[in-house]
Amino acid sequence: MRRIKHIFVILFLVTSTIAFAQVKFEAKVSKQQLGINERLRVDFEMNQDGDNFNPPDFANFTVIGGPNQSVSNSWINGVRTYKKTYSYFLAPKQRGNFTIAQASITIDGETYKTTPIRIEVTAAVDIPKDPNDPTYLASENIHLVAEVSKTNPYLNEAITVVYKLYVSPKIAVDNWNEIDSPRYNDFWSQNINTQGQKVQNGTFNGEDYRFLVLRKTVLYPQKTGKLNIEPLSLDIALRVPTNRRDIFGSVLMTRVNRTVSAGNNTINVKPLPEVGKPVDFTGAVGDFNFDVTPSKTSLDATESFQLKVNVRGNGNLKLFKLPKVSLPSSLEVYEPEHNENVNTNLSGMQGSISDSYTIVPQYKGKYPIPSISFSYFDLKTETYKRLSSDEIIIDVINGPTSGSSSNNATANTNKQAVVFNNDQFAFIKTKTSFSAIKQEYFFKTKLFWSLLLLPFLAIPLAIVVRNKKASRDADVYGNRIRKADKLARKYLSNAKKSLGKKEAFYIALEKALHNYLKAKLHIETSDLSKDKIQNLLSEKEVEDEVIKDFVSILESCELARYTPMDIVTMQEDYDKAAKTISLIDKQIR
């Protein structure tokens, strides 16, 4: 009996070990049929840990969450249970039948793969109106709207589409990205820069909302009939409130992803009326001005001038052709240069376009440029309008005359043959002469030898300059004279600037004299008497005559406050002061 019991225990352990050793790796989905406005969860589960997990390519879905990794490890009745899961949250890109391909992982050196799963994506389904469902709350509190300025425009009439994202104050948006941008088939389109747009307050369906302008686009329909404006679609990460609260009583938020679309818009484009349509009408629609202007009306033969055909205003400026000019055959005309100066805003295109013709007359005479007409469809009156330029007379003053009365050349059907001047292309060189290019080397050239010998030639010059400086430094008496002159100019510079202004001049002169003594004797002289200054200069072995001149200048500065002084006297005092300072600086010991 005991032997049988042991056999059962052994069989149980072996069976448990084999069951535990069996590897499982499988894919599970939340649903195999869903609407295009729903989300799909895909879990890849394994019962043993592995390496090198490779998810499938979710080509027909947008990954809005994941991979999220979770691990469960538990023991029940002595048996270990392990589970590791990689989770993805997907949003379908379009309707149809798709396959979640195989995922792979390596466990204990072996590669395991999941079984492909078929998924059917149907049209949008009604989302249950559960006030506690985060997805439902998101759908009810965020809206993407396309506002079309006009739904029944004429052909080539500007309309605008403004995309606004409305968000309820109840929820918070973290970020968004475009998952489907509209393609404006059968329209000429241009986006308007919306960088720097700020969040604004507004209403949506009678409720308070915040909104942000995401995109502004100007469209010009190029076909008549019903045209479709494709929707803009966004994937938005947002946080919505739940029915739970934290310990402080605040509502807890949960994060969800929501795909919103502006929806399709259809406009009915009306054709332009056939009644009254001009023969030369080229499709201009809007409000325009037209003019034809020459750069000059009087010139010599073979001299060029420019004729500018210009249209300016508001309308489809880039979508029609300017009228051509008709000129006499004796005027040589080159292909026009087309210029555009057009800005696009919510009102459409505004600015001007022009064709500039370069024209060269060959003969002397008067040449009429006939009136040119431009027609367009006026949206305000819904009628066609024609604008015409005035006739222009070009007077060619000097030049050869043609054989047939070219003085009154006209643009008629009997056009004369153009006879070109032989010197017409004289400015173009038609003959060339080629010569062999001799390759030159820098080595052993004159420049090479000059640069090589220049440092050696500079050595004697440097020696001469150095000896000159040494000789100058050794000249003590000369240096003292030069230094004294420099010092005099330094202290008297302000006085010289004030020559002619009595008070300013003598104040500056007196200050210069005191500052000089202060620098030389290292004392404050403003409080010293003239006698004391005389004694100090005598002690420094300055000659009596120089001291007398110095004191007389100080007396002149004092006297000038009470008596008139002319500029001649000021100049004499200035020269005397400069000479005296120089002599003191030479004699002082």
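Laid out as a table, the results:
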| read-out | value |
| --- | --- |
| Residue list for the range 63-98, restricted to those being hydroxyl-bearing (Ser, Thr, Tyr) and farther than 22 Å from ASP180 by Cα | SER70, SER72, SER74, THR81, TYR82, THR85, TYR86, SER87 |
| Test: residue in the range 68-83 that is under 44 Å from the mean Cα position of the chain (by Cα) and outside any loop (DSSP other than H, G, I, E, B) | yes |
| Qualifying residue in the range 145-160 (condition: without any contact (Cβ under 8 Å) to a residue 24 or more places away in the chain and not hydroxyl-bearing (Ser, Thr, Tyr)) | yes |
| SER375 being within 26 Å of LYS223 (Cβ to Cβ) and among the hydroxyl-bearing types (Ser, Thr, Tyr) | yes |
| In the range 200-211, the residues that are under 29 Å from the mean Cα position of the chain (by Cα) and surrounded by 12 or more Cβ atoms within 10 Å (Cβ to Cβ) | PHE211 |
| Qualifying residue in the range 236-255 (condition: at pLDDT below 90 and under 26 Å from SER149 (Cβ atoms)) | yes |
| Evaluation of GLY351 against (1) in contact with a helix residue (DSSP H, G or I) (Cβ under 8 Å, 6 or more places away or on another chain); (2) under 30 Å from THR401 (Cα atoms); (3) among the small types (Gly, Ala, Ser) (one fails), failing number | (2) |
| Test set (1) more than 17 Å from ALA27 (Cβ to Cβ); (2) touching a residue at least 12 places away in the same chain (Cβ under 8 Å) - LEU90 fails condition number | (1) |
| Pick from the range 212-233, criterion under 27 Å from the mean Cα position of the chain (by Cα) and closer than 29 Å to ALA91 by Cα, ranking: surrounded by the most Cβ atoms within 10 Å (Cβ to Cβ) | LEU232 |
| Wholly within the range 86-174, strands (runs of 3 or more DSSP E) carrying at least 2 residues that are over 35 Å from the mean Cα position of the chain (by Cα) and outside the structural domain of MET253 (by TED's automatic domain parsing) | 96-100, 104-107, 110-113, 117-122 |
| Some residue of the range 259-270 being within 16 Å of ARG386 (Cα to Cα), of a type in the set (S, T, N, Q) and loosely packed, with under 12 Cβ neighbours inside 10 Å | no |
| Qualifying residues in the range 34-53 (those that are of a type in the set (D, E, K, R) and at pLDDT below 85) - the one farthest from PHE98 (Cα to Cα) | ASP49 |
| Residue in the range 359-371 that is basic (Lys, Arg), over 42 Å from the mean Cα position of the chain (by Cα) and assigned to a strand (DSSP E or B) present | yes |
| Residue among PHE44, PHE53 that alone is part of a strand (DSSP E or B), in contact (Cβ under 8 Å) with a residue 60 or more places away in the chain and more than 19 Å from LEU234 (Cβ to Cβ) | PHE44 |
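Per-residue answers, yes or no, for (1) touching a residue at least 12 places away in the same chain (Cβ under 8 Å); (2) crowded, with 17+ Cβ neighbours inside 10 Å; (3) within 19 Å of GLU391 (Cα to Cα):
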| position | (1), (2), (3) |
| --- | --- |
| ASP300 | yes, no, no |
| ASN310 | yes, yes, yes |
| ASN314 | yes, no, no |
| PRO328 | yes, yes, yes |
| PRO336 | yes, yes, no |
| GLY351 | yes, no, no |
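The values are calculated or read from the model by the stated rules, or taken from the named source; none is laboratory data. Model, not experiment: these values are computed from the prediction. Heads up, the Cβs are rebuilt from the backbone with ideal geometry, glycines too, and the neighbour counts pull from every protein chain shown.
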